[in-house]
Each structure stands twice: as structure tokens, then as C-alpha cells.
């Protein structure tokens, strides 16, 4: 039970806000570059820096430019980057075989980064949507997204990424049973050291629109993802999903999107104590970056305030497109 405070004027809560030194002394939460995972978009080509109109300041990068981004991230103190491929539409098929091609875009980028910047951790995305002609995270049969056949494919994708040198596997598909299947496969293949950061509570959100533009999935998607991504109205279900994924072998868990679901972040950390992350998704980024471009908000201040919200909600870290800009500010 909290001790009671002395009545006013013995207690003046403004005393500890009086100077920058006093405010720093009693600050409860801190954001540092070590809290960030930087999501980056990879595309074919050489020397390519292709702006994404719906995400001001974010670009699709060819593999050589992604290597430069990894060097920048490491120099800024960002410990990890997450790769998302912009797949050539000609490679998108019903069977999604490009997902586990050892020489697909994501795997080539992973090997190139590991050769150039071995110190940085590489996280990869496990889901079929970048490779699926239907735009879904799983196989579509008779209009339904099928679970078990999809999990078999996701295991193949996982092993392909681990073989390429990924440090962290990020299953974003929301199929049932995929974490246990991936963990078993990684153990059997000798990849015991590869971590799983599960997208455990991923909501069927309207905040993903710019991301789908970035990876070229918007035009391919038929229907919606509500049969496998979570209902935004549900919170208890998120706890069940997180508990299940931890029991199946996830090392870390994620809530996605971020700011509209800070209550879920707080509950997850309080309930399980596991390493907990949030994804500040493309729509969240675009709202802040777009408003800053128009001078409606102070972009730097709003960016840092938004990132502090995740730490205050109990997150150990955050996937954010702001990572390099925030790190530069935090590093002075």
C-alpha cells in the first residue's frame, strides 16, 4: 500500500520540477538508442534509395544501401534492424516458394549485412504476404486462409532465414501453433541460438496502410485479415495469445500496433515479465511525420514523446521507423 503524502504545503509536488537537474534526478523512464529496432525496406537493384510517398523520410533501399543503413545504425548505438522485402510482383505465386528461396531478397540482405556489420542483430519477418499473389500472410484455399499448411511453409521460411544468418525470427503471420513448430525446427537444425520475437498480439488494424504500400502488398490483398489478426476490441485474448507463444518457445513478445495499444503492452509486461516490445507501425509514423512536415507539430519533440510512451507502458524496446533520427537526437 502506498504511504500517504503530507498535506499541502508540506508536500509541493512542483518542487521536484523546478530545475532541469531536479527533473532529471527523479525521471522515472529513459529512452536510449539501445531501445530501438529499426525496420528497413529492401528492394532489388544497386544504389537505389526510393522514397515511399506515404511514409515521409522512409525509403526502399537496395542491398548495398541497406548495408550502409546497418553501418549507420551500429554507429548510432541501435542494436538491431528488421528486414522487410519489397518483392518483385513476378515472384509472387500461389505456393509462395520465394519465401524460402536461399537467395531471396531478405536472405541476400542478411548475408551482406552480416559480412559488413557482424555486430548488429538482424531480425527477419516470417509471413507469406510479401510472396503471396493473394497478399495474405497464409495460403488461401477456397477463400479461406488455412492454418496448418501455412505453418509448414512458415517453418521452411524460418529455417531459410536462420541459415542466412538471422539472429531474431519475427513471425508476423498470427497462425496458431507456429511458434512451437518454428522452435522445434530451429532446435533440430542446430539453430539453438536463434531467438524468436513473436508478433503475439497483432491486431487487424487500419494503421498498416503505408506499410502495405512500402512492401507492395496493397494491390495484391484480396479481402481483409480479420480471420487471423486480432479484433481491436479484445484485450484478454491478447494475454492468452502471449501466454501461448511464451509456452511454445518465444523468447520475446510484441504488441502491434503500438500507441493505440499501450494498455496491452502494460498488461503483457505486468502479467508475464518477458521481454516485451511494441511496433510503432507505419500509420503511427506517417501521422507524426506528415504533421511535422506541415508544421502542425514539433516533429522532434512529438517523436521522442511518443517513444517515451512505450517505455512508460512497460516495453523493453520498440520497432520504429524513427530509430535513426531519434538516436541522433538522443546522442546529442
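FYI, it's all coordinate maths here, none of it is from the lab. Everything numeric in this text was worked out from a predicted model, so none of it was measured. Ideal geometry is used to build each Cβ from the backbone, glycine not excepted, and the neighbour counts take in all protein chains shown.
Laid out as a table, the results:
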read-out	value
Inter-site label distance for residue 2 and residue 19 at 7 Å from Cα along Cβ, in nm	2.8
Rel. contact order, % - alpha carbon contacts under 8 angstrom, at least six apart, the stretch 31-330	20
Spin-label zone in the stretch 306-332 - amide nitrogen under 18 Å from a point set 7 Å from the Cα of residue 266 along the C-beta vector	306-317
Pairwise FRET efficiency - residue 142 versus residue 328, Cβ, R0 = 51 Å, nearest 0.05	0.50
For the stretch 207-332: rounded, prolate or oblate by the Cα gyration tensor [a/c cutoff 1.5]	oblate
Residue order, fewest to most beta carbons within 10 Å, for 96, 82	82, 96
Residue-averaged 222 nm ellipticity for the chain, from DSSP H runs of 4+ at -39500 (n - 2.57), nearest 500	-11500 deg cm²/dmol
Three-way shape call for the stretch 171-249 based on the alpha-carbon gyration tensor, with the a/c threshold at 1.5	oblate
Relative exposure of 296, 100, 38, judged by other C-beta atoms within 10 Å (fewest first)	296, 100, 38
Degrees between helix 262-272 axis and first principal axis of the chain (Cα, 0 to 90, nearest 10)	80
Chain lengthening between residue 10 and residue 32 when straightened (0.36 nm per residue, less Cα-Cα)	4.4 nm
Alpha-carbon centroids, the stretch 188-245 and the stretch 289-332: separation in whole Å	23
FRET efficiency for residue 64 and residue 119, using Cβ-Cβ distance with R0 set to 22 Å, rounded to 0.05	0.70
